[in-house]
Amino acid sequence: MVKVIYVESNGTEHALDLSPGLSVMRGAVENNVRGILGECGGACQCATCHVYVDPAWFDKVSDISAIEEALLEDVCDGQPNSRLSCQIRLSEALDGLVVRLPARQV
Amino acid sequence: MSTNTHPSATDPVYWDPYRPDINADPYPVYKRLREEAPLYYNKEYDFYGLSRFSDIDRCLGDVKTFSSAKGDILELIRADMEVPNGMFIWEDPPRHTANRAVVSRVFTPKRMNALEEQIRDYCAMCLDPLIGAERIDFIKDLGDKLPGGVIGMLLGIPDEARDAVRERVDASLRTELGKPMEVSQSSYQGEGFEEYLDWRIKNPSDDLMTELLNVEFQDHLGVTRKLTREEILIFINVLAGAGNETTSRLIGWTGKLLSDNPEQRRQIAANPALIPAAIEEILRCEPPGPSVARYVTQDFHIYDQTVPAGSVMMFFLAAANRDEERFTHGERFDIHRQGPPHVTFGRGIHSCVGSALARVEGRVALDELLKRFPDWTVDLEKSSLTPSSTTRGWDTLPAFTR
């Protein structure tokens, strides 16, 4: 299992043990973590699964595709460490990953 | 009354999209569908239906089994029309992927939120003349005007032409009471927008139409090119159609639910920070598009039954949104709900591309309504539901403002 810590914008933490292969978006939606919508189901279309990856982890998560990069320019309150969490697939190497959720997705 | 004279309680559960009596309050039927027939089959119109949240969440994402290539409405799938290229809502990957990406790029949350001030001004223009009035009509005074106005802003269509566009789209979706709708292809091919497009080619601006004219993308054959005139017309028509009636319904349900729940309305009026959550709860409780349909491409097994290839599957989004397995006290309207997201905008690659826009419009509309009319009570006697099998909501919804 891979431990992921989701931190809501109000500070509430959710530490979840998730299966490798799952996306960070899916892990949140399936476990009722508020603040991630994921409407397009992981197709990298809707930009409603925006997260801030903790700087200590940013270089360890997978690379950003051209489509994701374009969408990241247009999320609410984007930051240099913004990612779409549907595009981050969990592996043992990400055990302990910390992501922070924006105050709003849309 | 004995139970024998109350057929709904003892007969097998029945649902079709055309019955006004079911449409008036479909939720007891949806509850029975979830409990008694999680895979429903309707003999009369020959379609299947799923109503539980987990089934819909999973199956809407399975576009290999549940195809959009013949349309997303029961009658359209049955009509088996040829779908023109660019009609992205009725395409499967890989064709859909390239076309949808073009549209997704211009409908992002940040871009839609950037329209907020313009939307606010438009609401003020609609509502200011009514200040002091004893009655307002959520549909005639706002719902009929705002969504078309906003799509017009996006597309750069002049104000005076917007009403005509809305009328044409609404009429194409209207059904005769109790009957399936008539299907014709002409209503989806961009008729009515040609002159604006040709004018825009000569007069570029910063609107969506200009952006669609300039965008370069890689199509499903791997060719990098611009959109054709025909493709742009189809895109525009889909966006204008989809963004109009549905958002009008959202405004109507906002009026209705906050009339039925005055205590929650007062809380929102006192604390506008509650507005985003209130709009999500309105969208959950009363989805403007209560169901979508898909064509079944291969035999599908569920609940010890087989749905044969070639069938039509309906997804009852409005039923899933109240599934108690997913939403505690699912039938209860509660703006303070701490729960998972609804499926009103669908799930997967065909989820609503305009959801961010709908949300901005809903939030601003509610905010501007409450600023001018903190109290209202719907006049149900004089209200009427729309006769449409594809959307559910109010055609007229007058309310007393004090």
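Before moving on, here are some points about what is shown:
- Between B:G71, B:G348, B:G143, the residue with the greatest mean-square fluctuation in the GNM of chain B (Cα pairs under 10 Å linked by springs) is B:G348.
- Estimated vicinal HN-Hα couplings, Hz - the stretch B:85-96 in sequence order (Karplus 6.51, -1.76, 1.60; Gly, Pro = x): 4, x, 7, 5, 5, 10, 9, 9, x, x, 4, 4
- Cα convex hull volume per residue for the stretch B:326-388 (Å³): 169 Å³
- Hull volume in cubic angstrom per residue (convex hull over the Cα atoms of chain B): 148 Å³
- For chain B, modelled as a GNM whose springs connect Cα atoms under 10 angstrom apart, the maximal fluctuation among B:T390, B:T97, B:T254 occurs at B:T97.
- When the protein assembly as shown is described by a simple charge dipole with +1 on each Lys and Arg Cβ and -1 on each Asp and Glu Cβ, the residue from B:P387, B:Q305, A:C86 located farthest towards its positive end is A:C86.
- Legend: Rg and Dmax of the stretch B:64-152, from Cα coordinates, 19.0, 55 Å.
- Most fluctuating residue given options B:F88, B:F300, B:F193, as computed from a GNM of chain B linking Cα atoms under 10 Å: B:F300
- Sorting B:D206, B:D375, B:D92 from the fewest to the most surrounding beta carbons within 10 angstrom yields B:D206, B:D375, B:D92.
- FRET efficiency, 1/(1 + (r/R0)^6) with R0 41 Å, evaluated for B:L380 and A:E8 via beta carbons: 0.55
- Scanning residues 5 or more positions from B:F333 or on other chains, none has an amide H under 5 Å from its amide H, with H placed 1.01 Å from N in the peptide plane.
- Taking each of B:K110/B:K140; B:K140/B:K256; B:K110/B:K371; B:K31/B:K70; B:K140/B:K382; B:K145/B:K256 in turn, the alpha-carbon distance tops 20 angstrom for B:K110/B:K140; B:K110/B:K371; B:K31/B:K70.
- From phi via Karplus (6.51, -1.76, 1.60), per-residue ³J(HN,Hα) for the stretch B:51-67 in Hz, x at Gly/Pro: 10, 7, 4, 5, 5, 5, 4, 6, 6, 4, x, 8, 6, 6, 7, 10, 8
- Environment charge at B:R225 (Cβ cut-off 14 Å; Lys +1, Arg +1, Asp -1, Glu -1): -2
- Other protein chain C-beta atoms within 10 Å of residue C-beta, averaged over B:347-358: 5.
- Ranked from largest, the principal axis spans of the Cα set of the stretch B:220-269 equal 57, 18, 15 Å.
- Scaled radius of gyration (Cα, divided by 2.2 N^0.38 Å) that the stretch B:260-402 gives: 1.24
- Our analysis of chain A gives Rg over Rh at 0.91, with the two radii drawn from alpha carbon positions and Rh computed by the Kirkwood formula.
- Share of alpha-carbon pairs per 20 Å distance bin for the protein assembly as shown, given as whole %: 22, 58, 20, 0
- Rounded to whole numbers, the Karplus 3J(HN,Hα) couplings from phi for the stretch A:8-16 are 5, 5, 8, x, 4, 9, 10, 9, 10 Hz, using 6.51 cos²θ - 1.76 cosθ + 1.60 with θ = phi - 60°, and x at Gly and Pro.
Throughout, read-outs are computed from the coordinates displayed, never taken from laboratory work. Note that the structure is predicted; figures quoted are calculated from it, not measured. Note that each Cβ is placed from the backbone with ideal geometry, even for glycine, and that neighbours are counted across all protein chains shown.
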